[in-house]
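Asker: Sharing a structure here in structure tokens format.
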Amino acid sequence: MNKVVELSLPQNIRIDELGNELASHFSLEHDGITSVSRTYLDSFDWRLYRKRLLLFAETSSEGVRLILRSQGQPDTQRVLNIDSIPVFTSDISSFVFRNRLEPVLRIRALIPQLVIQSRVKCLLAVDADNKTLLYIQFENPRLALSNGQYRMLGKRIRLIPVKGYTRPAEQILRYLKKNYKFSLIGKDELDQGLELLNVEPAKYSAKLKYRLKPDMTASEALRTILLKLLEAMKLNEPGVIDDIDTEFLHDFRVAVRKTRSALSQSRHILPDSEVEAFMREFGWMGTVTGPARDMHVYLLKFNGYQAALPEDIRPALVPLREFLVRKKGKEHERLVKGLQSSRYKKLTGAWRQFLDTPQTETKSSAISKKPIKELADKQIWKVYRRVIHEGRNIRADSPDTELHRLRISCKKLRYLIEFFEDLYPRSRIRSLLESLKQLQDVLGDYHDYYIQIIALDHIKKQMSDAAELSIETGEAIDMLMDVLRTEQQDLRKQFKGSFRAFALKKNQANIESIFGQPGKGKKGGKGAA
Amino acid sequence: MIVYACYNIKGGVGKTATSVNMAYLAAQGGARVLIWDLDPQGAASFYFRIKPKIKGKAAGLLDNKTRLETYIRGTDYDNLDLLPADFSYRNLDLLLEEAGKPRGRFKKLLKPLAQDYDVVVLDCAPGISLLSESIFNAADVLLIPTIPTILSLRTLKQIISYREKHSLKHLMLVPFFSMVDKRKQLHRQIVEQPPSLGAPILGTYIPYASEIERMGIERRPVNTYAGSCIAGRAYIRMWQEILRLSMTR
Ligand SMILES: Nc1ncnc2c1ncn2[C@@H]1O[C@H](COP(=O)(O)OP(=O)(O)OP(=O)(O)O)[C@@H](O)[C@H]1O
Ligand SMILES: [Mg+2]
């Protein structure tokens, strides 16, 4: 037996008594009792859990240990002594830990997902050389709830054999089996805790999850989507306000943008007069959240900015960073004010009520009662053709405004496909989505450069007005803008290739066969595609 | 996985002390570490209180039947395991020859460990042989503890030119001064102005210290009982320097 074994003990067993019994029977050493708390860490969207990784910080009077292992595999873990619980991967000093966590977590913060408190009684089996062969831990752990109360996980004994020394554990296990009734736990503590809490991990994802059926009415389907988007805003709102990491605001803004995009295409499906008012208010949401997001973006890119400059110039860029950090602080305050304003509360309240009230349908036209599949086909096909048309007309010397327009159309198409992806066989839209994403990446990056260059110029003026711009920093920013301009021009050259890949004849034919046959599938469209 | 071999043709220069303390520090840094005690004398195994014995002896290691993993023992420290020595390792040279393809053998043996370990430290026996050649092929970094004396420097030169001659380009040589006794004028002279040898010597050196000698009594890595003594701090600094160097490999 080379593996950790965890057994749940009947509640009536006294841990101290069982400990003493085993200690005297097997001449084990007492290794004291330690109060520990184990904080299970993961990102808001459970990235580690999804990758079957388990990370927790174990805090005791002896300090904090960070433990990383694969789910269900307590035998090979990595342990690191740390000073305080990390928030970002970059807070962790260990290269090995960072290497494992960074590709999964990226820019997401670690948040405490679950806290277990316990007093661990430990016994050791040692040999004649005083080498440890087996650790035995007794625990009666409890799960700390956010309201200050607790839930018990149940008494347990854990046998942790040191690799290569199987005998002591086998002997003790045999003894326990003979004399006591117990059951194997065989499940990670995190999963036990989540089960108690009835929490489904990995439930939140930036991707919307809902079920659309082809014969849902247009208005029904649209409400389903919009409600999900509202939910996404609400889920991210606390993280935006607490500024836990930049993804909260990012996902929040995507939900706002998607809401606006859906509203703009819902003419005659939802009551027009109300749609217009909501459009205006969600437009306002965009402007409330925009400046803070811009600062996030520049700060995320800052290391890249520095790396793009010659080494001796890099320090001159540091004041820019400091300026951005301060500006971010101010923009964040403004954003929080916006999210706590009565205008925002009124908007989300009215919006929810609107989405929850199906009778408004009667006010609008017959379109709203059409099956969603039919409308989705039509709309996607329409926007797709627009993208093809706009893209074809772009020449090497076309003005940026045309690329900009194409970018917007692509985004619209992307949102549409994502809204309605339930209605189509995944295998058939995958390649469309992939080539669309590639095209969007080029157009998006191109636009990003454009925005960044303007913004840097603007920020430089602001720094100068605030008498915070040294000559060196000004020159470094100028140099950076030049670099960005060059990169932008290089990207422009890539456009043609990625558009050609997107607009290949055989892809077009494929798209047409999926979306391009309005009239067919009118009766619910069940057999379509 | 990165493989460090602690090696010198000379005996008694601090190879085992270095292997044990470096392996411990690497493990403290959050890496999963395996130290392989390749010396039939079994000093590294002794320091970790692990019996210098493996089932099936050295022949079993090379028989292609048993996975290396089955011989591994956990130490008393987080993230740190040991592959024990066995007295039969004294025949490893012969056995390697018999098993065929001796030079690539160690690399092949170590390969499956890459899943479980981030760092492997090989504590080599002194001397130069077919076994050392096989180790040079398996290792990424060769740590060479060198006592600052004229004869030791000569040996170091031999190792450096050996690497050249056998075109072991992949192998990074990291010599450093060990058991430095600053009371000795020659030690002082050599450490302060090391002659150029064709491989840069580490900035950190390990002083001669009674705390390190005490490892034999304590049977523990020095940083577990005297982490803040001069020698303990030197090991910490040296490990950081080695880590930096080997990352830029
Ligand atoms: N820096 C040091 N200061 C004092 N004593 C040391 C130091 N380093 C090693 N020693 C002692 O010197 C002896 C030889 O050291 P060690 O076993 O590490 O060398 P080695 O190169 O591995 O020897 P071998 O060739 O026999 O394997 C040991 O008794 C050890 O305790
Ligand atoms: Mg030795």
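The values are calculated or read from the model by the stated rules, or taken from the named source; none is laboratory data. In this text, all values refer to a predicted model and were calculated from it rather than measured experimentally. Backbone-built Cβ (ideal geometry, glycine too); neighbour counts: all protein chains shown. Just the protein is used for accessible areas: all its heavy atoms, side chains included, with ligands, DNA and RNA removed. Shrake-Rupley method; radii C 1.70, N 1.55, O 1.52, S 1.80 Å.
Asker: Could you sort A:135, A:415 by their accessible area in this structure, using a 1.4 Å probe and putting the largest first?
Answerer: From most exposed to least exposed: A:135, A:415.
Asker: Can you give the helix-only mean residue ellipticity at 222 nm for chain B, where every DSSP H stretch with n ≥ 4 adds -39500 (n - 2.57) and the sum goes over all residues, rounded to the nearest 500 deg cm²/dmol?
Answerer: Value at 222 nm, helices only, nearest 500: -12000 deg cm²/dmol.
Asker: Which aspartates and glutamates does residue A:369 reach when only Cα atoms under 12 Å apart count, and residues fewer than 8 places away in its own chain are ignored?
Answerer: By straight Cα distance, residue A:369 reaches A:215, A:220, A:361.
Asker: Please work out how much length the chain gains when fully extended from residue A:67 to residue A:184, using 0.36 nm per residue of separation minus the C-alpha to C-alpha distance, in nm with one decimal.
Answerer: Stretched fully, the residue A:67-residue A:184 segment lengthens by 39.8 nm.
Asker: Need the list of lysines near residue B:165 for cross-linking: C-alpha distance under 17 angstrom, and skip anything on the same chain fewer than eight residues off.
Answerer: B:157
Asker: Another question, then. Would you mind giving the mean number of other chain beta-carbons within 10 Å of the Cβ of each residue in B:28-34, as a whole number?
Answerer: Other-chain Cβ atoms within 10 Å of each residue's Cβ, averaged: 6.
Asker: To make sure I understand the rule: partners must be lysines, Cα under 18 Å from the Cα of residue A:370, and not fewer than 8 residues away in the same chain. Which ones qualify?
Answerer: A:213, A:378, A:382, A:520, A:522, A:523, A:526
Asker: Turning to a different aspect of this structure: Within region A:287-318, find all residues whose amide N lies under 16 Å from a label point positioned 7 Å from the Cα of residue A:470 along Cα-to-beta-carbon.
Answerer: Residues passing the 16 Å test: A:311-318.
Asker: For a quick protection proxy, order the peptides B:20-31, A:227-238, B:195-206 by their average other-Cβ count within 10 Å, most packed first.
Answerer: For the peptides B:20-31, A:227-238, B:195-206, the packing ranking is B:20-31, A:227-238, B:195-206.
Asker: Please work out whether region A:40-110 counts as rounded, prolate or oblate from its C-alpha gyration tensor, where a ≥ b ≥ c are the square roots of the eigenvalues and a/c under 1.5 means rounded, while otherwise a/b larger than b/c means prolate and anything else oblate?
Answerer: Oblate is the answer for region A:40-110, as a/c is 1.5 or above yet b/c matches or exceeds a/b.
Asker: Continuing with this model, one more query. How much of the DSSP bridge set in the protein assembly as shown is antiparallel, in percent, rounded to the nearest 5?
Answerer: 70
Asker: Compute the long axis of helix A:272-307 from its Cα atoms, compare it with the longest principal axis of the Cα atoms of chain A, and write down the angle in degrees, 0 to 90, nearest 10.
Answerer: Helix A:272-307 and the main axis of chain A meet at about 60 degrees.
Asker: What Kirkwood radius, in Å to one decimal, follows from the Cα pairs of region B:125-249?
Answerer: 15.7
Asker: Moving on to the next point. Explain nothing, just the number: dipole magnitude of the protein assembly as shown about its Cα centre with +1 on each Lys and Arg Cβ and -1 on each Asp and Glu Cβ, in debye rounded to the nearest 20.
Answerer: Dipole magnitude for the protein assembly as shown comes out near 2620 debye.
Asker: Calculated from DSSP H runs of 4 or more alone, at -39500 (n - 2.57) each and per residue, what is the 222 nm mean residue ellipticity of chain A, nearest 500?
Answerer: -19000 deg cm²/dmol
Asker: Using the crude model of +1 on Lys and Arg Cβ and -1 on Asp and Glu Cβ, and no other charge, please compute the dipole size for region A:207-370 relative to its Cα centre, in debye to 20.
Answerer: Once rounded to the nearest 20, the dipole reads 360 debye.
Asker: Relative to the first principal axis of the alpha-carbon coordinates of chain A, what is the inclination of helix A:471-502, with its axis defined by its Cα atoms, in degrees from 0 to 90 and to the nearest 10?
Answerer: 80
Asker: Same structure, new question: Compute the distance from the alpha-carbon center of region A:332-359 to that of region A:496-513, in whole Å.
Answerer: 41
Asker: Still on this model: Just to be sure I understand the curve: with the Debye formula and one point per C-alpha of chain B, what is log10 I(q)/I(0) at q = 0.09, 0.11, 0.12 Å⁻¹?
Answerer: -0.36, -0.54, -0.65
Asker: Where the only charges are on Cβ atoms (+1 Lys, Arg; -1 Asp, Glu), what is the dipole of chain B about its Cα centre, to the nearest 20 debye?
Answerer: 300
Asker: So what is the orientation-averaged projected area of chain A, using the convex hull of its C-alpha atoms, in nm²?
Answerer: Projected over every direction and averaged, the Cα hull of chain A covers 33.0 nm².
Asker: Please work out whether region A:327-485 counts as rounded, prolate or oblate from its C-alpha gyration tensor, where a ≥ b ≥ c are the square roots of the eigenvalues and a/c under 1.5 means rounded, while otherwise a/b larger than b/c means prolate and anything else oblate?
Answerer: Because a/c hits 1.5 or more and a/b fails to exceed b/c, region A:327-485 counts as oblate.
Asker: Name the shape class, rounded, prolate or oblate, that the alpha-carbon gyration tensor gives for region A:446-522, where a ≥ b ≥ c are the square roots of its eigenvalues, rounded holds for a/c under 1.5, and otherwise prolate holds if a/b is larger than b/c and oblate otherwise.
Answerer: Verdict is oblate for region A:446-522.
Asker: What is the local net charge at residue A:165, summed over the other residues whose Cβ is closer than 14 Å to its Cβ (Lys, Arg +1; Asp, Glu -1)?
Answerer: +3
Asker: Here are some pairs, A:327/A:411; A:51/A:373; A:51/A:181; B:55/B:108; B:53/B:101; which of them have Cα atoms lying more than 31 Å apart in this structure?
Answerer: Check vs 31 Å cut-off fails for A:51/A:373; A:51/A:181.
Asker: Summing +1 for each Lys or Arg and -1 for each Asp or Glu, what net charge is found among the other residues whose Cβ lies under 13 Å from the Cβ of residue A:194?
Answerer: Around residue A:194, the surrounding residues sum to -3.
Asker: Another one. Assuming R0 = 56 Å, what is the FRET efficiency of residue A:398 and residue B:241, from their Cβ-Cβ distance, to the nearest 0.05?
Answerer: 0.50
Asker: I've got another one for you. Using a Förster distance of 25 Å, how high is the FRET efficiency between residue A:448 and residue A:241, based on the Cβ-Cβ distance and rounded to 0.05?
Answerer: So the FRET efficiency works out to roughly 0.45.
Asker: Under 10 Å, Cα contacts only: if you run a Gaussian network model on chain B, which one of B:137, B:64, B:79 comes out with the highest mean-square fluctuation?
Answerer: Most flexible of the set in this elastic network: B:64.
Asker: What distance in nm separates the simple spin-label points at residue B:183 and residue A:322, each placed 7 Å from Cα in the Cβ direction?
Answerer: So the label points at residue B:183 and residue A:322 sit 5.2 nm apart.
Asker: If you find the alpha carbon centre of region A:235-270 and of region A:282-322, how far apart are they in angstrom?
Answerer: Going from one Cα centre to the other spans 22 Å.
Asker: What's the angle, to the nearest 10 degrees (0 to 90), between helix A:246-264's Cα axis and the longest principal axis of chain A?
Answerer: Approximately 40 degrees, to the nearest 10.
Asker: Give me the distance in nm between label points sitting 7 Å out from Cα along the Cα-to-Cβ direction at residue A:345 and residue A:191, one decimal.
Answerer: 4.3
Asker: Would you please give the FRET efficiency between residue A:489 and residue A:91, computed as 1/(1 + (r/R0)^6) with r the Cβ-Cβ distance and R0 = 45 Å, to the nearest 0.05?
Answerer: 0.75
Asker: Sticking with this one: Among the DSSP beta bridges whose two residues both lie in region B:17-172, what percent are antiparallel, rounded to the nearest 5?
Answerer: 15
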